[in-house]
Amino acid sequence: MRAGRVFAYGAAAGLLGDLLLGDPRRGHPVAVFGRAAGAVEQVLWRDHRGRGALHTAVCAGGAAGVGLLAARSVRSSPAASAALTAAATWAVVGGTSLAREARAIGRALEAGDVEAARERLPHLCGRDPQSLDADGIARAVVESVAENTSDAVVGALVWGAVAGVPGLLGFRAVNTLDAMVGHRSPRHRRFGWASARLDDVAGWPGARLTAAAAVVASGDARGAVRAWRADAGRHPSPNAGPVEASFAGALGVRLGGTLSYGGRVEHRPVLNGAAGRAVDTADIDRAVRLSRRVTWLALGVCAGARLLADARTARTSRAARISRAARTSRTARTSFAPRTSRASRTPRAPRTWRGRTS
């Protein structure tokens, strides 16, 4: 079984496992990695970019290295390789937990219990919940669903298609490090710089695929494209901008605006402001359904791209083998063709000139 099929079967099984089982309540692999990264931070922390880069290399490189060793240990068995890919996919994606938390907040808002919604919001994003009313909470949830569809699902699938299990684990490690140290707090402004920049680079392809899939999966593809083209570049994040803008256009709502993180107020540009309306509670469930469609579309694209790459590689290898065999055959015929000695050659007839023998 080629690597493309291993990834396709394993990633599909992992997503189904996430859909049916969700995240474990205790001992989640991402939580284990987070504790390990925190312990490494305690050892390496200095208010210096170099120390932060070392922390990123140790943690993200260690996660990818574990994936590489695990993949090599089962590479002789296609079934075991697919099972390992399924387990890694289930461990790194978080689509079911994302949907569960978003819908729990939506139910609290529908019941009019704004305080309960405020209590649950930190499980989903880092906003200051006390500064938000019901509509502000709903907008924060929709924005978080959009951004985390890319960060917690699609980006991992992209890197899994590129690099298999090491790609899955490595991407999730980078994304987790950004959440831990990549924010602009006084402690992490320098130390977390490398993690934040690496997350921007690693998340770039997944964010664009998420935005494109939102266009395809939406009921208003034209509106999603318009919002993406007009507003994505105005967002301070190079990856959240396309995703949130395309979701805003797909849902027909306005995202962005004033928000508060850790006591710090930010005034972000409004996305889809010209054509959208204010977010309401019902839009949370619509965003979750859109996220689900985007996830399965992204899986199809990633698996299809990996299978096509495998087919192209196989054709190239087959052509190279045929060419080598042809060259070998020609060389063999030339090398083993019988040769006649000079003495055994038939004497040439004497040359004549103007009818005379010379």
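The values are calculated or read from the model by the stated rules, or taken from the named source; none is laboratory data. Worth saying up front: this structure is predicted, and the values here are computed from it rather than measured. Positions of Cβ are generated from backbone atoms using ideal geometry, with glycine treated the same way; all protein chains shown enter the neighbour counts. Surface areas here come from the heavy atoms of the whole protein model, side chains and all, with no ligands, DNA or RNA. Shrake-Rupley method; radii C 1.70, N 1.55, O 1.52, S 1.80 Å.
Of all residue pairs spaced 6 or more apart or on separate chains, those with beta-carbon atoms under 7 Å, a first member in the range 68-81 that is closer than 16 Å to V162 by Cα and a second member that is open to solvent by 40 Å² or more (accessible area, probe 1.4 Å) and not polar (S, T, N, Q) are A71/L84; S81/R75.
Under the condition of being surrounded by 17 or more Cβ atoms within 10 Å (Cβ to Cβ) and charged (D, E, K, R), which residue from the range 2-23 is modelled with the highest pLDDT? Step by step, filter the range 2-23, then rank; the result is D18. Among the candidates A86, A152, the residue that is within 16 Å of the chain's Cα centre (by Cα) and farther than 23 Å from M180 by Cα is uniquely A86. Among the residues of the range 3-22, is any under 25 Å from S195 (Cα atoms) and in contact (Cβ under 8 Å) with a residue 60 or more places away in the chain? There is no residue in the range 3-22 that is under 25 Å from S195 (Cα atoms) and in contact (Cβ under 8 Å) with a residue 60 or more places away in the chain.
Considering the range 246-277 alone, what residues qualify as being of a type outside the set (D, E, K, R), open to solvent by 70 Å² or more (accessible area, probe 1.4 Å) and under 23 Å from G126 (Cα atoms)? If the condition is that a residue be of a type outside the set (D, E, K, R), open to solvent by 70 Å² or more (accessible area, probe 1.4 Å) and under 23 Å from G126 (Cα atoms), then T258, G262, V265, H267 are the ones that fit. When P29 is tested against (1) open to solvent by 30 Å² or more (accessible area, probe 1.4 Å); (2) touching a helix residue (DSSP H, G or I) at 6+ places or on another chain (Cβ under 7 Å); (3) modelled with pLDDT of 95 or more, just one condition goes unmet, and that condition is (3).
Matching residues to (1) aliphatic (A, V, I, L, M); (2) in contact (Cβ under 8 Å) with a residue 24 or more places away in the chain; (3) out of contact with any Pro (no Cβ under 8 Å at 6 or more places or on another chain):
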position: E119; (1), (2), (3): no, no, no
position: A156; (1), (2), (3): yes, yes, yes
position: G164; (1), (2), (3): no, yes, yes
position: G170; (1), (2), (3): no, yes, yes
position: L209; (1), (2), (3): yes, yes, yes
position: A214; (1), (2), (3): yes, yes, yes
position: W228; (1), (2), (3): no, no, no
position: D231; (1), (2), (3): no, yes, no
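Looking only at residues that are polar (S, T, N, Q) and modelled with pLDDT of 95 or more in the range 221-256, which one is farthest from I137 (Cα to Cα)?
Keep residues of the range 221-256 that are polar (S, T, N, Q), which gives 237, 239, 246.
Filter again for modelled with pLDDT of 95 or more, leaving 239, 246.
Details: N239: 22, S246: 20 Å.
The extreme case among them is N239.
Among the candidates V174, V162, V142, the residue that is in contact with a Lys or Arg (Cβ under 9 Å, 6 or more places away or on another chain) and open to solvent by less than 20 Å² (accessible area, probe 1.4 Å) is uniquely V142. Of the residues screened, R49 is not one that is closer than 28 Å to G300 by Cα, open to solvent by 60 Å² or more (accessible area, probe 1.4 Å) and either among the basic types (K, R) or at pLDDT below 95 (or both).
Taking the range 177-193 as the region of interest, how many residues are crowded, with 24+ Cβ neighbours inside 10 Å and in a helix (DSSP H, G or I)?
In the first step, residues of the range 177-193 are kept if they are crowded, with 24+ Cβ neighbours inside 10 Å; the result is 177, 181-182, 191-192.
So of that shortlist, the ones also in a helix (DSSP H, G or I) come out as 177, 181.
Qualifying residue count, the range 177-193: 2.
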